[in-house]
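Values quoted throughout were computed directly from the atomic coordinates according to the rules given, and no laboratory measurement underlies them. Quantities reported herein were computed from a predicted structural model and do not represent experimental measurements. Cβ atoms come from the backbone with ideal geometry, glycine included; neighbour counts cover every protein chain shown.
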Amino acid sequence: DIITPFNDGSFFVLVNGEESDDAEQNGNSITIPFDADATEIEIVGTHVVPEFGTIAMIVLAVAIVSIIAVSAKSRLSIMPRI
């Protein structure tokens, strides 16, 4: 499960800081009806599994730094110089 409730199976939803009783959970999906002017929706009693872990972020950072270093050293550029 990506979104799981508290240990007792409960959770609650805040829409613009006010508790909403209209949220429904069906398996792994939560349906939250809200007005078009809603700016913030918070699901309390849950956790979210991140899509990318810490190791993936480190690998990405090393790759970006390596590309920058190689580009600077070999005078490669994405945009041709005029």
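As an exercise, use a Förster radius of 41 Å and the Cβ-Cβ distance of VAL62 and GLU18 to find the FRET efficiency, rounded to the nearest 0.05.
According to the calculation, E is roughly 0.40.
Viscosity 0.692 mPa s, temperature 37 °C: give me the Stokes-Einstein translational D for segment 12-74 in µm²/s, with Rh taken as the Kirkwood radius over C-alpha pairs.
213
In order along segment 17-26, the phi-based Karplus estimate (6.51 cos²θ - 1.76 cosθ + 1.60, θ = phi - 60°) of 3J(HN,Hα) comes to x, 10, 5, 10, 9, 8, 5, 10, 10, 10 Hz; Gly and Pro are listed as x.
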